[in-house]
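So the structure is just underneath, and the comments pick up after that.
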Amino acid sequence: MKISGIIALSFSLFFTFSCAAPALKQNEIDSWLISISLNHSPSLDISGKWHDPKGNFMFGWGEGYLQQKQNKVNGQIGNYNVKGIVSGKQVYLAFISGGDVYYTARLEMLEQCLLSGNYFYGNDKTQSNGFPTSLAKTNCTTTKSARLYSSDGKIITANFEDDGSGGGRVWGVFPNGEMFKGEYSTIANRSEIESMFTTPWGPLTGISISEVGPLVSFITAVGDKGTQIQCMALPRESHGYGACRDSNRTEYKLSY
């Protein structure tokens, strides 16, 4: 590279970094929260223990407690002190460490026990360039529904509990009226996941190993007349899909 090119590049980098927006300062947080949130009356209370639902402390928020008084929020999540405000159905948070605001977040409780939205770097005071994130309330159990579509055109509606732990009860009714119940768990071991593609009644053919992410939910259930069923579900944020096969060798597509 020519010397003139090096000088131009160096000047460009210097200009970029020197003109970067300054991060939000700790003494600016209260006024910033009121401004960015429009300070509406709160429609929800987020007091309680929260954690990163992805469960990865090194690359996530960790866990901690938030306390809400009227519309103001204070607490700690992982290594960060947290100040925030609840405005209507939206939650605005500032993550503080060592007196510096490293991140802010704009979240909304789109489903029970889960705050979803985006986080932003501390110098993005208008919250313009966000990245997806979420916080799940600890020990908060919700009941969700799933649908199983059989290869012969029948539909099963099943239910499962979700408390953020990656496991829980499942129950439902087979098309013939037989009630079933069982449980599901989350598996991360790759070799164990691969072995789940084979059930005692044949392979799961509705999904392939290439579709599998880092985590898989494995479901087993038994009916009150002895029919057994096994499923593999691939979680995708707030939804998922998968495949099942029962002991009558009927195949199902799973969606939730």
Could you give log10 I(q)/I(0) at q = 0.08, 0.12, 0.17 Å⁻¹ for the chain, computed by the Debye formula over C-alpha point scatterers of equal weight, without solvent? -0.46, -0.81, -1.15
Under a 10 Å cutoff between Cα atoms, tell me which one of N123, N39, N176 has the largest fluctuation in the Gaussian network model of the chain. N176
So if I place +1 on the C-beta of Lys and Arg and -1 on the C-beta of Asp and Glu, and nothing else carries charge, what would the dipole magnitude of the stretch 133-253 be about its Cα centre? I want it in debye, nearest 20. 160
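Tell me the volume per residue, in Å³, of the convex hull enclosing the alpha carbons of the stretch 172-256.
Numbers: hull volume 7.5 nm³, N = 85.
With only Cα atoms used, the stretch 172-256 gives 88 Å³ per residue.
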Taking R0 as 25 Å, what's the FRET efficiency between S43 and D100 from their Cβ-Cβ distance, rounded to 0.05? 0.20
What spacing in nm lies between the two simple spin-label points modelled at R169 and S210, each 7 Å away from Cα in the Cβ direction? 4.0
Output the 0 to 90 degree angle, nearest 10, between the alpha-carbon long axis of helix 3-18 and the longest principal axis computed from the alpha carbons of the chain. 80
Estimated vicinal HN-Hα couplings, Hz - the stretch 23-35 in sequence order (Karplus 6.51, -1.76, 1.60; Gly, Pro = x): 5, 4, 8, 4, 6, 9, 4, 4, 5, 5, 4, 5, 5
Sorted on mean Cβ neighbours within 10 Å (highest first), peptides 219-230, 185-196, 243-254 come out as 243-254, 219-230, 185-196
Suppose only helical runs count, i.e. DSSP H with n ≥ 4. What mean residue ellipticity at 222 nm does that imply for the chain under -39500 (n - 2.57) per run, divided by all residues and rounded to the nearest 500 deg cm²/dmol? -3500 deg cm²/dmol
Can you tell me the relative contact order of the chain? Whole percent, Cα pairs under 8 Å, sequence separation 6 or more. 11
Go through the stretch 31-129 and name the trypsin sites (Lys or Arg not before Pro) that are in a DSSP coil and have 15 or fewer other Cβ atoms within 10 Å of their Cβ. K54, K89
Could you derive backbone 3J(HN,Hα) for the stretch 243-250 from the dihedral phi with the Karplus parameters 6.51, -1.76 and 1.60 (θ = phi - 60°), listing whole Hz in sequence and x where the residue is Gly or Pro? 9, 9, 8, 9, 6, 8, 6, 7
Please find the FRET efficiency linking Y65 to E194, where r is the Cβ-Cβ separation and R0 is fixed at 30 Å, and quote it to the nearest 0.05. 0.15
The stretch 153-161 - phi-based ³J(HN,Hα) in whole Hz, Karplus 6.51/-1.76/1.60, Gly and Pro as x: x, 8, 10, 10, 9, 10, 10, 8, 8
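Any read-out appearing in this document is the output of simple, stated calculations on the displayed coordinates, not a laboratory observation. Because the structure is a prediction, the values reported are computed rather than measured. All Cβ positions, even for glycine, are placed from backbone atoms using ideal geometry, and neighbour counts span all protein chains on display.
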